[in-house]
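Q: What follows is a single structure, and I will ask about it in a moment.
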Amino acid sequence: MNETIRSILGRRCIRSYEQTAVEKDKVDAILECGQYAPSALNTQPWHFTVVTNRGVLDKISAENKKVLLESTIERKRLKAADPNYDNFRNAPMAIIVSGAKDAPFAAADCANAVENMAIAAYSLGLGSCYIASFKIAMTKPEGAYLLDELGIPAGYAPLYALALGYGDEVLGERAPRRKNTITYID
Ligand SMILES: Cc1cc2nc3c(=O)[nH]c(=O)nc-3n(C[C@H](O)[C@H](O)[C@H](O)COP(=O)(O)O)c2cc1C
């Protein structure tokens, strides 16, 4: 075991946070780790939007909630009807990672960046949660205005977000890892 392996194995998705702001030097270090993720042909086809304005995160969640309340799928309507519905899990901030639409491996490249940031956050004593559900409304015409408000550059599409903050969740047992997922060819 070393510190890196401890961080990889120790990181968990956190879904409840203190409202304390995250220090800027920590956010900067996390962003640097995101930018040093591997990417296909080293194209680095990502853009990071750092949102520390909780009102903006609330607005995104409210737009998603509106869409889901109209869903034909009951499970989604019930989820959205929860008064505490919040895609960002009440975190004080989130980093949205957008991928270049013309980069063939943008989804993988951006996912690498998010995981790097999640591990870095954990190593700095922060909690984080990997989020894909935040973009429901912004991929529809009625929510597209959010892309402008977030300053997502032309040619990029939001892919993932990382909710970030000091966690205050009492974590239960970890889900066991699936068995029989490794084949050795000797
Ligand atoms: C691509 C991706 C999308 C995810 N989207 C969400 C999400 O929208 N909301 C959420 O609470 N967790 C989301 N998660 C977190 C997973 O639920 C979590 O990683 C998984 O349950 C394993 O738990 P762990 O990260 O604590 O090991 C997402 C994870 C990934 C990799």
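Q: What dipole magnitude, in Debye to the nearest 20, does the chain give about its Cα centre under +1 on Lys/Arg Cβ and -1 on Asp/Glu Cβ?
A: Dipole size: approximately 660 debye.
Q: Go through the chain and flag any cysteine with no other cysteine's C-beta closer than 4.7 Å, please.
A: Lacking a cysteine Cβ partner under 4.7 Å: 33, 110.
Q: Further question on the same structure: Name the residues of region 89-129 whose amide N is less than 16 Å from a point 7 angstrom out from the Cα of residue 6 along the C-beta direction?
A: 119-126
Q: Find the lysine pairs in region 17-165 meeting two conditions, Cα atoms under 27 Å apart and a separation of 8 or more places or different chains, and report how many there are.
A: Lysine pairs, 8 or more places apart or on different chains, close enough: 25.
Q: Using the number of other C-beta atoms within 10 angstrom as an exposure proxy, rank 88, 134, 48 with the fewest first.
A: Arranged by neighbour count, lowest to highest, 88, 134, 48 become 48, 134, 88.
Q: Here's something else I'd like to know. Under a 10 Å cutoff between Cα atoms, tell me which one of 136, 60, 73 has the largest fluctuation in the Gaussian network model of the chain.
A: Comparing 136, 60, 73 in a Gaussian network model of the chain, the most mobile one is 73.
Q: Rounding to the nearest 20 debye, state how big the charge dipole of region 26-134 is about its Cα centre with +1 on each Lys and Arg Cβ and -1 on each Asp and Glu Cβ.
A: 380
Q: Right, something else. Quick one: 110, 13, 129, 33, fewest Cβ neighbours within 10 Å first, how do they rank?
A: Ranking 110, 13, 129, 33 by Cβ neighbours within 10 Å, fewest first, gives 13, 33, 129, 110.
Q: 222 nm [θ] for the chain, helices only, -39500 (n - 2.57) per DSSP H run of 4+, per residue, to 500?
A: -11000 deg cm²/dmol
Q: Sticking with this structure for a sec: Just check region 1-75 against the gyration tensor rule for me: Cα atoms, a ≥ b ≥ c as the square roots of the eigenvalues, rounded for a/c under 1.5, and otherwise prolate or oblate depending on whether a/b exceeds b/c.
A: It comes out prolate by the Cα gyration axes.
Q: Is the shape of region 45-100 best called rounded, prolate or oblate, per the rule: a/c under 1.5 gives rounded, else a/b larger than b/c gives prolate, else oblate, with a ≥ b ≥ c the square roots of the Cα gyration tensor eigenvalues?
A: Oblate, since a/c reaches 1.5 and b/c is not below a/b.
Q: Over the chain, how many percent of alpha carbon pairs lie in each 5 Å bin up to the one with the longest distance?
A: So the P(r) values, bin by bin, are 1, 8, 15, 18, 19, 17, 12, 6, 3, 1, 0.
Q: Among 91, 67, 138, whose Cα sits farthest toward the positive end of the charge dipole of region 17-165 (+1 at Cβ of Lys/Arg, -1 at Cβ of Asp/Glu, about the Cα centre)?
A: Farthest along the dipole direction, towards plus: 67.
Q: For a quick check, take a GNM of the chain with Cα springs below 10 Å and name the residue from 34, 99, 155 with the largest mean-square fluctuation.
A: Taking springs between Cα atoms under 10 Å, the residue moving most is 155.
Q: Now for a different question. With 10 angstrom as the radius, rank 58, 148 by how many other C-beta atoms surround their C-beta, starting from the fewest.
A: Fewest-to-most Cβ neighbours within 10 Å comes out as 148, 58.
Every read-out reported here was derived from the displayed coordinates using simple, explicitly stated rules and does not represent laboratory data. None of these values were measured; they are calculated from a predicted model. Glycine gets a Cβ as well: all are built from the backbone with ideal geometry, and neighbour counts include every protein chain shown.
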